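*Asks:* Below are the structure tokens for one structure; questions will follow.
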Amino acid sequence: MTTTGGRPTLRGWLAPDRPAEPATVTDPRERRLIGLEIAVVLTVTLGLSALRSALSLLEALLAPAPLSDQQVALNAPASTDTWIDLAFQLVRALQLAGWGALAAYLLLRAGFALRRVGLDRRRPGRDTLHAAGLAALIGIPGLGLYLLGRAAGITPDVAPSTLTDAWWRIPVLIVSAAANSWAEEVVMIGYLLTRFRQLGWSENRSALVAALLRGCYHLYQGVGAFAGNVVMGVVFARYWQRSSRLWPLVAAHLLIDVVAFVGYALLVDVLPF
């Protein structure tokens, strides 16, 4: 552990057993294949979501109603039939879980044990503590950015859930939060940053590109959500680059989404915003 004057530094606290970084790939053919793989993964997962999100924001800006008068629902009904709606919600969660599984599988096929990206059970207590701290660090300022955006008229009304009050609503919201957190953190952090390292990208460049992409697929929620998710992306990327622990990021994202989704569903009638 790195120390300064006998005291542990932040770097040492984050990375007591950090695995060796992957060697930079120099073979031109292998570099092209890695670049192609990244493009394919992003095309079928969150990169495509970023394009859709940008189009949704453009459509909202061109609509007659001001952006501040529009509403965006994160978990919305997909059918008027309660059982079909439940099936749609679960299929959506399964798709997100599949995105994360695809990224994890490709890392395994490339020779990376998942413990190298921090998907193991070596330190559950510390991982849980870090997850709670990261959730507070991101979630509280994120709510502030949203409220500022609403006050400035540049953010739509974001409703974390408009699902009907069915018996399955709360379990499905938790499943949705878990699927979102798994997909985003495995693809954007574990997979993408590992591949960027193989291409020889600097840590700063990798973190910035991943963070901007994270912000782009949240554009449909407005400029405030874009900015907040870029900050979240930089913080999460830096944490992983220093610690190589991915579970704390998945868990922190899960906590943020569960509080937002379930809290909104239970308290929507008394919330002041």
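*Asks:* Scanning segment 82-96 for residues that are out of contact with any helix residue (DSSP H, G or I) (no Cβ under 7 Å at 6 or more places or on another chain) and either farther than 16 Å from Trp167 by Cα or modelled with pLDDT under 95 (or both), which turns out surrounded by the most Cβ atoms within 10 Å (Cβ to Cβ)?
*Replies:* For segment 82-96, the residue satisfying everything is Arg92.
*Asks:* To continue, here is another question. Could you check Ser56 against (1) of a type outside the set (A, V, I, L, M, F, W, C); (2) surrounded by 14 or more Cβ atoms within 10 Å (Cβ to Cβ); (3) over 30 Å from Asp165 (Cβ atoms) and say which number it fails?
*Replies:* Among (1) of a type outside the set (A, V, I, L, M, F, W, C); (2) surrounded by 14 or more Cβ atoms within 10 Å (Cβ to Cβ); (3) over 30 Å from Asp165 (Cβ atoms), Ser56 violates only (3).
*Asks:* Quickly run through segment 199-230 and pick out the residues that are at pLDDT 95 or above, β-branched (Val, Ile, Thr) and more than 18 Å from Val187 (Cβ to Cβ).
*Replies:* None - no residue of segment 199-230 is at pLDDT 95 or above, β-branched (Val, Ile, Thr) and more than 18 Å from Val187 (Cβ to Cβ), so the list stays empty.
*Asks:* Can you tell me which of (1) in a helix (DSSP H, G or I); (2) within 24 Å of the chain's Cα centre (by Cα) is the one Glu21 doesn't meet?
*Replies:* Here Glu21 clears every test but (1).
*Asks:* Among the numbered criteria (1) touching a Leu at 6+ places or on another chain (Cβ under 6 Å); (2) under 23 Å from Leu114 (Cα atoms), which one does Ala207 miss?
*Replies:* (1)
*Asks:* Just checking, does segment 203-223 include any residue being surrounded by fewer than 24 Cβ atoms within 10 Å (Cβ to Cβ), in contact with a Ser or Thr (Cβ under 8 Å, 6 or more places away or on another chain) and over 30 Å from Leu86 (Cβ atoms)?
*Replies:* Checked against the condition, which is being surrounded by fewer than 24 Cβ atoms within 10 Å (Cβ to Cβ), in contact with a Ser or Thr (Cβ under 8 Å, 6 or more places away or on another chain) and over 30 Å from Leu86 (Cβ atoms), segment 203-223 yields at least one hit.
*Asks:* Would it be correct to say that Ala87 is in contact (Cβ under 8 Å) with a residue 12 or more places away in the chain and among the hydrophobic types (A, V, I, L, M, F, W, C)?
*Replies:* no
*Asks:* Also, I was wondering about something else. Just to verify a result, which residue in segment 208-260, among those that are assigned to a helix (DSSP H, G or I) and among the basic types (Lys, Arg), is nearest to Ala179 (Cα to Cα)?
*Replies:* Selected residue: Arg214.
*Asks:* Does segment 253-270 contain any residue that is surrounded by fewer than 21 Cβ atoms within 10 Å (Cβ to Cβ) and more than 18 Å from Asn75 (Cα to Cα)?
*Replies:* Yes, the conditions are met somewhere in segment 253-270.
*Asks:* How many residues, within segment 13-42, are modelled with pLDDT of 95 or more and either closer than 18 Å to Val187 by Cα or in contact with a helix residue (DSSP H, G or I) (Cβ under 7 Å, 6 or more places away or on another chain) (or both)?
*Replies:* Selection size over segment 13-42: 10.
*Asks:* Now for a separate question. Is there a residue being surrounded by 13 or more Cβ atoms within 10 Å (Cβ to Cβ), under 17 Å from the mean Cα position of the chain (by Cα) and under 30 Å from Leu36 (Cβ atoms) anywhere in segment 123-143?
*Replies:* Within segment 123-143, none of the residues are surrounded by 13 or more Cβ atoms within 10 Å (Cβ to Cβ), under 17 Å from the mean Cα position of the chain (by Cα) and under 30 Å from Leu36 (Cβ atoms).
*Asks:* Determine, yes or no, whether Pro156 is farther than 22 Å from Arg169 by Cβ, at pLDDT 90 or above, loosely packed, with under 13 Cβ neighbours inside 10 Å and of a type outside the set (A, V, I, L, M, F, W, C).
*Replies:* The answer is no for Pro156.
*Asks:* Could you list, in sequence order, all residues of segment 125-176 that are touching a strand residue (DSSP E or B) at 6+ places or on another chain (Cβ under 8 Å) and aliphatic (A, V, I, L, M)?
*Replies:* Val158, Ala159
*Asks:* Here are some residues: Ser202, Ser176. Which one is closer than 25 Å to Ala97 by Cα and of a type outside the set (D, E, K, R)?
*Replies:* After applying the criteria, what remains is Ser176.
*Asks:* Under 7 Å between Cβ atoms, which residue pairs at least 6 apart in sequence (or on different chains) link something in segment 193-211 that is more than 18 Å from Gly47 (Cβ to Cβ) with a partner that is in a loop (DSSP other than H, G, I, E, B)?
*Replies:* Arg197/Glu21; Arg197/Pro22; Gln198/Pro22; Gln198/Thr24; Gln198/Val25; Gly200/Thr24
The values are calculated or read from the model by the stated rules, or taken from the named source; none is laboratory data. None of these values were measured; they are calculated from a predicted model. With ideal geometry, Cβ positions are generated from the backbone for all residues, glycine too; neighbour counts draw on all protein chains shown.
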